[in-house]
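Novice: Take this structure, written in structure tokens, and hold onto it; I'll ask about it next.
The values are calculated or read from the model by the stated rules, or taken from the named source; none is laboratory data. Computed from a prediction, not measured in an experiment: that's the story for all the values here. All Cβ positions, even for glycine, are placed from backbone atoms using ideal geometry, and neighbour counts span all protein chains on display. Remember, those area values only see protein heavy atoms, side chains included, never the ligands or the DNA or RNA. Shrake-Rupley method; radii C 1.70, N 1.55, O 1.52, S 1.80 Å.
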Amino acid sequence: MAGGGGEGVSLEYTPTWVVALVCTVIVAISLAAERVLHYAGKFLMNKKQGPLFEALLKIKEELMLLGFISLLLTVFQNRISTICIPKHLTNHWLPCNNSLPNHDDNDDHGKSTAGGGGGPSTNITYYNVGFILLKGMAALLSLKALHDLHIFIFVLAVVHVVYSALTILFGTLKIRQWKQWEDSIQKKEEQDPEKGHEKVTHVHQHDFIKARFRVCGKDSALLTWVHSFLKQFYGSVNESDYTTLRRGFITNHYRDNPKFNFYKYMSRAFETDFRKVVGISWYLWIVVVVFLVLNVHGWHAYFWIAFLPLILLLIVGTKLEHIITELAQEVAQRHVAVTGELVVKPSDHHFWFRKPRLVLILIHILLFQNSFEIAIFFWMLVMYGFNSCIMGQVGYIIPRLVIGVLVQFVCSYSTLPLYAIVTQMGSSFNRAIFGEDIQVKLTGWAQKVKKNKPNRKTVGGGGSSGGGGGGEGSGSNQVSDKEPPSPLPPAAIGQQSATESTIESDDRK
């Protein structure tokens with residue numbers, strides 16, 4: 001290696017053409033990445049893919065956060081490396097067994113300061129390191145460790161974004177297979193719209209009911225849970241499930257429009273939720289810190305942590321399947337035969353804590369945990385090698401990779417499709433039921449109504465105490481405030497209060 005070791009020559013002794021060349025390459029790569037994201041956003045907006053465009057903006061936010069973290073690490077790395085702690089604190093909670101007690105990371109500091117191109121900062125670092133050695137202290141974090149940590153944070157965020165995007169992409173491809181079911185239903189309803197209203201349906205002979213209770217029966221709670229657990233691995237959603245759940249949603253939320261395209265609505269709702277999955281929330285950074293703390297030699301923490309997303313995935317998938325079983329059980333217990341088609345009744349009480357959105361948070365967490373496992377593996381492989389002590393034994397590495405692939409497959413082809421359709425079985429509908437332009441108008445209208453509620457209450461109180469004329473005037477003002485935008489479908493106008501509460505809850509989320 002030519003020249004001195006460690007930090008090397010400073011910028012003041014570096015040829016200007018080298019500085020310009022390196023800056024040109026870095027700026028060119030950065031501008032190319034920015035242009036790719038820009039044209040991707042324009043493409044999504046031209047295709048009227050608003051939710052996916054918002055997901056792209058979320059990715060940009062993550063990249064900006066990463067840039068800020070990188071800036072902090074770069075600016076303060078010399079300061080951090082000169083922070084002193086008692087040396088005995090560095091002998092515990094190590095990722096690798098410290099078999100060389102005389103080895104000290106401070107040697108790296110000494111080497112880095114002994115090279116050419118000195119300066120004031122180099123002298124300060126050398127002075128502090130000498131002080132640490134004399135007083136029996138140790139550096140809080142070496143420059144090499146800071147560099148490795150810097151790379152790890154970058155790899156984790158990139159792997160999480162790419163992993164989440166691939167998972168959602170594969171899940172979307174699975175959901176697209178349902179489009180043929182929607183087209184078939186729409187075609188049958190156009191040919192004979194009154195056919196379903198005339199027949200008598202025997203509930204216990206219906207395919208939806210028989211498929212759910214063929215093996216376990218309706219009275220065994222334990223067997224229904226076992227059946228729900230197993231069904232997520234094969235045919236998690238079949239045509240009878242899709243048809244029945246679709247009919248239940250339309251009957252309860254969109255009764256005046258039986259030709260409502262449930263598939264398009266479900267796809268829009270799924271894309272809307274996608275932007276919440278690609279980001280790294282604050283509580284996920286806490287998970288990262290906890291996982292880093294637990295990476296102690298002999299604990300095999302990352303091996304045991306690999307089971308967390310798998311267990312959480314199986315729990316979520318079982319619960320979603322069991323919700324469909326509960327909907328079937330409710331109908332089977334109430335009716336022997338019904339006039340027309342079989343209809344289920346969506347309700348929030350089937351979900352944990354009556355919150356369907358909680359399922360999305362759990363999926364977000366398990367996707368991040370799995371991407372963390374993949375990121376930490378590739379980071380260790382590139383930085384330290386496959387046979388390094390921090391990587392661990394092969395017997396612990398292979399199961400981690402197998403579990404990661406299994407979670408990816410099951411989540412893409414079972415859990416996400418289940419989530420897309422089952423979360424529509426709540427008491428309220430998603431704002432994606434409206435088009436993009438109507439969503440904007442509804443959001444503005446709901447915010448205006450919410451802002452004017454105190455004023456309307458004041459006017460209403462004055463009208464009731466001021467006689468008939470005042471009451472009439474205040475009543476007209478209240479009606480004008482509540483008047484919804486004209487583009488609303490007839491069924492949505494009939495559900496004005498439900499629409500307002502749904503939009504307000506979505507905005508809070």
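Novice: Give the separation of the Cα centroids, region 359-404 to region 30-101, in Å.
Specialist: Value for the Cα centre distance between the two parts: 18 Å.
Novice: Going by average Cβ neighbours within 10 Å, how do the peptides 149-160, 57-68, 406-417 rank, with the highest at the top?
Specialist: Result, highest mean first: 406-417, 149-160, 57-68.
Novice: Now for a separate question. So which of LYS264/LYS345; LYS48/LYS450; LYS60/LYS319; LYS60/LYS259; LYS179/LYS276; LYS42/LYS174 end up more than 31 Å apart, counting from Cα to Cα?
Specialist: Exceeds cut-off: LYS60/LYS319; LYS60/LYS259.
Novice: So how strong a dipole does region 268-358 carry about its Cα centre when Lys and Arg Cβ are +1 and Asp and Glu Cβ are -1, to the nearest 20 debye?
Specialist: Approximately 260 debye in magnitude.
Novice: With a probe of 1.4 Å, find how much accessible area region 217-267 has per residue, and write the answer as a whole number in Å².
Specialist: Ligands and nucleic acids excluded, the result is 47 Å² per residue.
Novice: Next question, about the same structure. Students often check this: by mean Cβ neighbours within 10 Å, which of 34-46, 293-305 ranks highest, and how do the rest follow?
Specialist: Listed from highest to lowest mean packing, they are 293-305, 34-46.
Novice: Quantify, in whole percent, the carbon and sulfur part of the accessible surface of region 280-412 (1.4 Å probe; protein heavy atoms only).
Specialist: 71 percent
Novice: Can you compute the label reach from ALA221? Point 7 Å from Cα along the Cβ direction, backbone N cut-off under 14 Å, restricted to region 320-347.
Specialist: Answer for this model: 326.
Novice: Per residue, how much accessible area does region 311-438 have with a 1.4 Å probe, in Å²?
Specialist: I get 39 Å² per residue for this part.
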